[in-house]
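The values are calculated or read from the model by the stated rules, or taken from the named source; none is laboratory data. This one's a predicted model, so the numbers in the text were calculated from it and none came from an experiment. Don't worry about glycine lacking a Cβ; one is built from the backbone with ideal geometry, like all the others, and counts go over all protein chains shown.
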Amino acid sequence: MKLIIGCPIYKRDWIIHHWIRCILSQSIDLSKVGFIFETAPDDISTVHSLTTWKKMDTRIPLFEIKERSDIPHFAHEPNSRQWTISKYHNMVSLRNSILKTVREYQPDYYFSLDSDILLENPNTIELLIAHINSGADAVSPLMFMTPFDINFPSVMTWRDASCEKAYRQQSYPLGTYFKADVIMAAKMMSKDVYNNVDYEVHSQGEDLGWSRNATKMGFDLYSASYIYAPHIMGEPMLAEYLKNGDQRSKITLENYNKV
């Protein structure tokens, strides 16, 4: 199997059809792509959508939906993210559980893709894989971690070699391909990375715990920030996106033209 896409998912019936549509529009061959989802027993609507897709699309060689009743699940308020250490522990458990299954199958690449990230560029996965083949250990497209501004891109920088605290620089070369200390939300990983780097609780999130582990193992992380992937943080934002798109994608192109 060439690629596995993994995703913890809960109460995302409001966006899952759009997430699937973006996957189906990708330029890759879905007959070489597997999917692993970790869900909750009470999320009947989301699981139904996934199961329906599984039954209808016979091209997909691997489609696992694992219900996790051993940990609490939570849904975010629209346009808001209220994180706690206990929630980070839950996310680490979900993501590492998916990693464990991925390691059993040993695909060429693993793409950890959150369910509120829409791959609107149909070449996203193909381009990310090309970067892995060119030497990147892990690479991510550009997203923003707030609904409307550009102050919080999906990359961060370690304050020092301990990798205990990270911050966002005042400016990153958005619209380009550059090395980053921390990447998040949508991460294409090489086989060496997914086999060796676990998620871990970090005070700023499990993606930082993962990035810290990757950094300390000597892996190089990159942001392919010329590829934009909207981060849809709630139903109101989805309605706005479906009507008008996400204008921040144009900002990255404008910045690219200035570099």
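Some notes on this structure:
- Residue match in region 194-206 (condition: more than 17 Å from the chain's Cα centre (by Cα), under 24 Å from Ile5 (Cβ atoms) and of a type in the set (D, E, K, R)): no
- Test: residue in region 83-96 that is of a type outside the set (Lys, Arg) and in contact with a strand residue (DSSP E or B) (Cβ under 6 Å, 6 or more places away or on another chain): yes
- Cβ-Cβ distances below 7 Å connect the following pairs, each with a first residue in region 132-161 that is in contact (Cβ under 8 Å) with a residue 40 or more places away in the chain and closer than 19 Å to Trp210 by Cα, a second residue that is among the aromatic types (Phe, Trp, Tyr) and outside any loop (DSSP other than H, G, I, E, B), and a separation of six or more residues or different chains: Ile132/Tyr109; Ala136/Tyr222; Val139/Tyr222; Pro141/Tyr228; Leu142/Tyr228; Pro153/Phe144; Ser154/Phe144; Met156/Tyr167.
- All of (1) in a strand (DSSP E or B); (2) over 22 Å from Glu126 (Cα atoms) hold for Phe178 with one exception: (2).
- Asn195 being surrounded by fewer than 21 Cβ atoms within 10 Å (Cβ to Cβ), assigned to a helix (DSSP H, G or I), in contact with a helix residue (DSSP H, G or I) (Cβ under 8 Å, 6 or more places away or on another chain) and at pLDDT 95 or above: yes
- Annotation note: Cβ proximity below 7 Å between a residue of region 167-185 that is on the phi > 0 side of the Ramachandran plot and a residue that is of a type in the set (A, V, I, L, M) and not in a loop (DSSP other than H, G, I, E, B) (sequence gap 6+ or interchain) occurs for Gly175/Leu253; Ala185/Ile117.
- Any hit, region 99-117, residues being over 16 Å from Tyr10 (Cβ atoms), at pLDDT 95 or above, of a type outside the set (D, E, K, R) and surrounded by fewer than 16 Cβ atoms within 10 Å (Cβ to Cβ): yes
- Number of the exception - Asn151 against (1) of a type outside the set (Lys, Arg); (2) assigned to a helix (DSSP H, G or I); (3) out of contact with any helix residue (DSSP H, G or I) (no Cβ under 9 Å at 6 or more places or on another chain); (4) surrounded by fewer than 18 Cβ atoms within 10 Å (Cβ to Cβ): (2)
- Scanning region 223-236 for residues that are outside any strand (DSSP E or B) and touching a His at 6+ places or on another chain (Cβ under 9 Å) turns up Ile232, Met233, Gly234.
- Every residue from region 19-48 that is buried (at least 17 other Cβ atoms within 10 Å of the Cβ) and part of a helix (DSSP H, G or I): Trp19, Ile20, Cys22, Ile23, Thr46, Val47
- The residue that is surrounded by the fewest Cβ atoms within 10 Å (Cβ to Cβ), among those in region 118-128 that are in a helix (DSSP H, G or I) and not polar (S, T, N, Q), is Glu126.
- Residue that is modelled with the lowest pLDDT [pool: residues in region 1-18 that are assigned to a loop (DSSP other than H, G, I, E, B) and either of a type in the set (Gly, Ala, Ser) or touching a Leu at 6+ places or on another chain (Cβ under 7 Å) (or both)]: Met1
- Members of region 86-117 found to be polar (S, T, N, Q) and outside any strand (DSSP E or B), listed by number: Ser86, Asn90, Ser93, Asn96, Ser97, Thr101, Gln106, Ser115
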